[in-house]
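Remarks on the structure that follows.
The values are calculated or read from the model by the stated rules, or taken from the named source; none is laboratory data. Everything numeric in this text was worked out from a predicted model, so none of it was measured. Glycine also receives a Cβ, built like all others from the backbone with ideal geometry; neighbour counts cover every protein chain displayed. Ligands, DNA and RNA are excluded from the accessible area calculation, which covers all protein heavy atoms including side chains. Shrake-Rupley method; radii C 1.70, N 1.55, O 1.52, S 1.80 Å.
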Amino acid sequence: ESDAGDYTCVCGDKQSTASLAVHALPVLFKEELKDEEVEEGASVSLRCELTKAAPVQWKIGSKVLKASDKYQMREHGTTAELVIHDLEVKDA
């Protein structure tokens, strides 16, 4: 999208201008989350991969998770990761 704009070719005192529009592709899941079974007290890492880098939001049900000692969120390029520490039965 940052390449959109007016481009001009200049030759001496002549010029030609064209406008370039770039339509963004939607962000899709290249690799979806996988189900996990983990013992109480352990940590788990949930990962998904997108078709392009984009901000993500992590939720449990309708509750939006925020970074804390329990929840750690990372984004590396097109990979989004949620690490949940000190798992409890209620985290299922």
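Cβ-Cβ distances below 6 Å connect the following pairs, each with a first residue in region 59-76 that is under 13 Å from Arg47 (Cα atoms), a second residue that is exposed (fewer than 13 other Cβ atoms within 10 Å of the Cβ), and a separation of six or more residues or different chains: Met73/Ala67. Cβ-Cβ contacts under 9 Å between residues 6 or more apart (or on different chains), taken from a first residue in region 3-14 that is free of Cβ contacts under 8 Å to residues at least 40 places away in the same chain to a second residue that is part of a strand (DSSP E or B) and open to solvent by 100 Å² or more (accessible area, probe 1.4 Å), are listed as Thr8/Gln15; Cys9/Gln15. Scanning region 11-68 for residues that are of a type in the set (Lys, Arg), closer than 30 Å to Leu87 by Cβ and open to solvent by less than 100 Å² (accessible area, probe 1.4 Å) yields no hits at all.
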